[in-house]
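Below you'll find the structure, written out as C-alpha cells, and then a few comments.
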Amino acid sequence: MSTTLTKPAAQQSKPTARRRLTLAEWMLVVAGILLLVSAVRLITGAHGITSVGQTSTALRLAVPIGLAALGGLWAERAGVINIGLEGMLILGTWFGAWAGVQWGPWTGVVVGILGGALGGLLHAIATVTFGVNHIVSGVAINILAVGATRYLSSFTFAEMEGGTSKQSPPIESITQITVPGLSDAMRDLNAQHWFLVSDVAGLVGGLVTNLSLLTIVAVAMVPLSRWVLWNTAFGLRLRSCGENPLAAETLGVNVYKYKYIAVMISGGFAGLGGVFLAEVATNIYLEGQTGGRGYIGLAAMIFGNWMPGGLALGAGLFGYTDSLNLRGGGQNVHALLLLLAILLVLATAWAIYRRKFLTAAVAAVSGLVLFVWYLSVDEVPSQFVTAAPYVATLLVLAMSAQRLRAPKAVGKSYRKGEGT
C-alpha cells in the first residue's frame, strides 16, 4: 500500500516573488529608451526633444516635483498620508523668498525648509496626536498656506521696494556651474543631429551646463533618502511605523515620535522644493507659482511605488513632458505622440506575452488612436500641449497600477497602547 505525500495548500498556492531588475538590466532598458527616442527624433525632425536646453529645462522642472514626492515618501513610509504637500511647497516659497530677499539665498534655503517643516508639524499634530483624517488635515494645510502667505505678503513684500502684495522683490541668484570644455563639446555634438550620439550628448550636456548648486543638493537627497530609510536602524524603525505600528510598539519603537519626525522631514523636503521654485526657477516669489506641483509630486511618488528611485523617474517624466511644452510646443509634443504610440505597441506585446489580454487590448487601441492622430496632424493643438504633462502622468499611473504596493498601515489611525 502506497501513500502519496502532498504539500499543504498554503505552500501550493504560495505566490512567486517578483524578481527585481539588476543594474545591468536597468542600463539595457535605459539604452533601449534612448535608441527609441533617437529614432523618433530622426523620423519626425523634432531635434529639440533631446537638445541640451531640453534636458536642462526638464531637470529644472523636475526638481521641485521630485522634492515634493520625496516628502510624500517619508510621510507615507511612516504611515501618514500627506495631501498637504502643496501647502508645504507654498510655505517654502514664501519663507524662502522672505529670508532670501533680506539675508541672501542660502539663508532663504534654510528658512524655506523650516517653513515647510512647520506645515509638516501642523499636519503631524492633527493626524498623529488628535487622529484627524489625513486627507482632511492635508486639505486644511493647503488652504491655510494660501491664506497665510497672502496675509503675510500684504505687510512684508508690499512694503519692500520692487515688491507687491502678490510677489516679492528679486532674490539674489544661487551660483550656477558649467563644466568647462565638456559643456561646449556636448553642445557641439548635439548640434550634429547624429543618431544616438547627439542624443546622449544632449542628455550629458544638459546635466553639466548652468547647473544650480541647489539642484545638486536636491538630486543628492534621492540616494541619501534611500540609504537612510533602507540601510539604517532609524529608517527601519520609521518604516515599521508605516507597515505595522502595533508590532513596532511591542518592540519598543516610539511610534508617535517617528511619525512626527517623518512628517516634519516630509514638510522640509516640500519646503526645499518651494525654495527651488522661488530662488532657482524664477528668482522671485509669486503667488500661485507652485501650480499644483505638490499633487503631481504625490502622483510621482505613487508611480515610483513608494521608492526613491521610482519617484525620481516619475518626477523626471513630468519634468520632461512639461519642458516639451516650454521648448518647441506643438512640434515636440507631436513627436511625443509617435513615441507614445510605439511604447504602447511594445506594452501590447508584453501584455500578450504575460497573458493579460484586456490590458493588451486597451494598450493596442490607445496606440492606434495616437498613431492615427500623429498621421492626421502636423502640430497638436495648444490646449493639448498644456495638458500633455498631466495626461502623460495619468497614463503612466494607469499602466503601472497593478504593481503598486503602498505601506500596509498608511492612512490608518493609531493610538498608543493598542499593541500591548
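Per-residue ellipticity at 222 nm, computed for the chain from helices alone with -39500 (n - 2.57) per DSSP H run of at least four residues, works out to -22500 deg cm²/dmol. Modelled spin labels at Val136 and Leu286, positioned 7 Å past Cα toward Cβ, are 3.7 nm from each other.
Share of pairwise Cα-Cα distances greater than 24 Å in the range 81-190 is 41 percent (whole percent).
Treating r as the C-beta distance of Arg150 and Glu172 and R0 as 30 Å, the FRET efficiency rounds to 0.80.
Fully extending the segment from Val228 to Met27, taken as 0.36 nm per residue of separation minus the present Cα-Cα distance, adds 69.9 nm. Accessible area per residue for the chain, computed on protein heavy atoms with a 1.4 Å probe, is 49 Å².
In the chain, carbon and sulfur make up what percent of the accessible area (probe 1.4 Å)? For the chain, the apolar C and S fraction of the accessible surface comes to 67 percent.
Here the dipole of the range 101-215 is about 360 debye; that uses its Cα centre as origin and unit charges on the Cβ of Lys and Arg (positive) and Asp and Glu (negative).
Beyond 27 Å, the tail of the calculated P(r) for the range 136-280 holds 53 percent of the Cα pairs. Ligands, DNA and RNA excluded, the heavy atoms of Leu343 present near 80 Å² of accessible surface to a 1.4 Å solvent probe. Measuring from a point 7 Å past the Cα of Ala39 along Cα-to-C-beta, which residues in the range 185-220 have an amide N at less than 13 Å? Residues passing the 13 Å test: 196. Around the Cα centre of the chain, unit charges on the Cβ atoms of Lys, Arg, Asp and Glu (plus for the first two, minus for the last two) sum to a dipole of about 1940 debye.
Span-like helix check, the chain: qualifying full DSSP H segments, with Cα axial length of 24 Å or more and mean Kyte-Doolittle of -1.0 or more, are 23-44, 52-77, 85-103, 105-124, 134-155, 213-231, 255-276, 308-326, 330-353, 357-376, 382-400.
Give, as ranges by residue number, the residues of the range 141-163 whose backbone N falls under 17 Å from the point 7 Å along Cα→Cβ of Thr129. Once the point is set 7 Å along Cα→Cβ of Thr129, 141 turn out to lie under 17 Å by backbone N, inside the range 141-163. Altogether, the Stokes-Einstein calculation at 37 °C and 0.692 mPa s, with the Kirkwood radius of the range 287-390 over Cα pairs as Rh, returns a diffusion coefficient of 217 µm²/s. Assuming R0 = 56 Å, what is the FRET efficiency of Ile352 and Val179, from their Cβ-Cβ distance, to the nearest 0.05? In this case the efficiency is close to 0.80.
Placing a pseudo-label 7 Å from each Cα along the Cα-to-Cβ vector at Ser376 and Trp103 gives an inter-label distance of 5.9 nm.
Of the residues Tyr353, Ala315, Asn283, the one whose Cα sits farthest towards the positive end of the charge dipole of the range 255-359 is Tyr353 (charges of +1 on Lys and Arg Cβ, -1 on Asp and Glu Cβ, taken about the Cα centre). Counting heavy atoms of the protein chains alone, Ser173 has an accessible area of about 70 Å² for a 1.4 Å probe. Since only Val139, Ser225, Gln192 are under comparison, the one whose Cα sits farthest along the positive direction of the charge dipole of the range 126-260, derived from C-beta charges on Lys, Arg, Asp and Glu, is Val139. Size descriptors for the range 286-336 (Cα atoms only): Rg and Dmax, in that order, 12.7, 34 Å. From largest to smallest, the equivalent ellipsoid semi-axes obtained for the range 240-291 from the alpha-carbon gyration tensor read 36, 8, 7 Å.
The relative contact order of the chain comes to 28 percent, based on Cα pairs under 8 Å that sit 6 or more residues apart.
Principal semi-axes of the equivalent ellipsoid, √(5λ) from the alpha carbon gyration tensor of the chain, are 35, 35, 19 Å from largest down. The charge dipole of the range 178-244, taken about the Cα centre with unit charges on the Cβ atoms of Lys, Arg (+1) and Asp, Glu (-1), comes to about 360 debye, rounded to the nearest 20. With a cut-off of 15 Å between beta carbons, the residues surrounding Ala349 carry a summed charge of +3, where Lys and Arg count +1 and Asp and Glu -1.
The values are calculated or read from the model by the stated rules, or taken from the named source; none is laboratory data. Note that the structure is predicted; figures quoted are calculated from it, not measured. All Cβ positions, even for glycine, are placed from backbone atoms using ideal geometry, and neighbour counts span all protein chains on display. For accessibility, only protein heavy atoms count, side chains too; no ligands or nucleic acids. Shrake-Rupley method; radii C 1.70, N 1.55, O 1.52, S 1.80 Å.
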